[in-house]
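Trainee: A single structure is presented below for examination.
FYI, it's all coordinate maths here, none of it is from the lab. Keep in mind the model is a prediction, meaning the values are calculated, not measured. With ideal geometry, Cβ positions are generated from the backbone for all residues, glycine too; neighbour counts draw on all protein chains shown.
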Amino acid sequence: MHLKKSDLEKFYRKLLSASWEVFSWKWDHRFEAFLTEFSADNGDEFRAILERDFINVWDSSNIREALDIVQMCNNNFGGLRPGQLLFTTDPSQDVFVCGAWWPWGDGETISLRIASPAKKLQHEKRSDSSNGSKIYSNYD
């Protein structure tokens, strides 16, 4: 399985265009992800948009059951705390993308970061032979 840049761009374009009128996106260099912050009042609306493209929703109670590639994505975002969610596409498909849903402590704002962990890991020199790194090594 090889991640083609054009496939990833197509996925992002579809997702971002579906939400662009409602939410403002920017690039988050810290996580190498697209970032939007929005009112918790819009949470249900935005979650409906996400659930059209992401087939899995993980939380702190079920993330331990996830495949290695999903676990790596979760770890790239720093793990899940109660109330946070990780949305993922199907890991068996050509394009694997994850989204970290982080409600703020004030209860009024939610942050969402959308990333492909393959991009971040391309820049890291990984010498271990864990199953997750083997999966990621197939992306180019």
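Trainee: Given a cut-off of 20 Å, what percent of all Cα-Cα pairs of the stretch 63-119 lie beyond it? Walk me through the numbers on the way to the answer.
Mentor: On the way: 366 of 1596 pairs.
Beyond 20 Å sits 23 percent of the P(r) for the stretch 63-119.
Trainee: For Thr109, what is the net charge nearby, where nearby means another residue's Cβ is under 11 Å from its Cβ and Lys, Arg count +1, Asp, Glu -1? All intermediate terms of the calculation are to be shown ahead of the outcome.
Mentor: Working: positive: none; negative: Glu37, Asp41, Asp106, Glu108.
With Lys, Arg at +1 and Asp, Glu at -1, the neighbours total -4.
Trainee: Now for a different question. What are the residues whose amide H is under 5 Å from the amide H of Asn56, where those residues sit 5 or more places off or on another chain and H is modelled from the backbone?
Mentor: The answer is Thr88.
Trainee: Here is a follow-up. Just order 82-94, 65-77, 34-46 by mean Cβ neighbour count inside 10 Å, highest at the front, would you? If you can, show how the numbers build up before the last one.
Mentor: Numbers: 82-94: 16.4, 65-77: 18.2, 34-46: 14.6.
Those peptides, ordered most packed to least, come out 65-77, 82-94, 34-46.
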